[in-house]
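Inspection log for the structure reproduced underneath, given as structure tokens.
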Amino acid sequence: MKKITIAAAVAVIAVAVTAYASPYYTLHQIKTALAERNADALAAHVDFPALRASVKTQLEASMARSIEATAGSGNPLAALGQSIASAMLGKMVDTMVSPAGVVALVNKSAVSPQAEENPDAPADGARKQADYSAGYAGLNTFIVRAKDGNAQEGALVLLRHGVWGWKLSSIEIASAMAAR
């Protein structure tokens, strides 16, 4: 009886540890897919409908603030311009937030492994590693931020899918980028 209790306790601990470590493993798989520029491997870790909705919502809100600041809230042409821009923005986001589009966007970013390969790199062959922090923001939410932890710099948000599965479901766009 005692052996069964110990075995059950070990099994519960093993399940808890693997469930806790699972987003870190998913993050490792995402980094590997990006380094290899493997869009199919990356697509397995991205919830594209949720990611598209997140990016559209943030860009539309930013655009609305920009139009209101420029034209004012009472301008009837501003509303027309915003509706036309929203339609174009939707198609643009649908194109950008695809497996190949996400690989291209991330590979152009400053934190990607390919961005480190430049002519200004140190002659000794040392490479600067992307500096980020990652951790839980809730039981089902895992956030990856730049190492300084500045919320204004943007973040990647992974949401739990099942017990061990995690998918990139949102990108918090940096406030400076969204204001453009």
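Round to the nearest 0.05 the FRET efficiency obtained for V163 and N75 when R0 = 45 Å and r is the Cβ-Cβ distance.
On the way: r = 51 Å, r/R0 = 1.14.
So, using R0 = 45 Å, E works out to roughly 0.30.
The slack between A8 and T95, meaning 0.36 nm per residue of separation minus the straight C-alpha distance, is 26.4 nm.
Quick note: the coordinates plus some simple rules give every number you see, no bench work behind them. Since the structure is predicted, the reported quantities are computational estimates derived from the model, not experimental observations. Because the Cβ atoms are built from the backbone with ideal geometry, glycine has one as well, and the counts that use them run over all protein chains shown.
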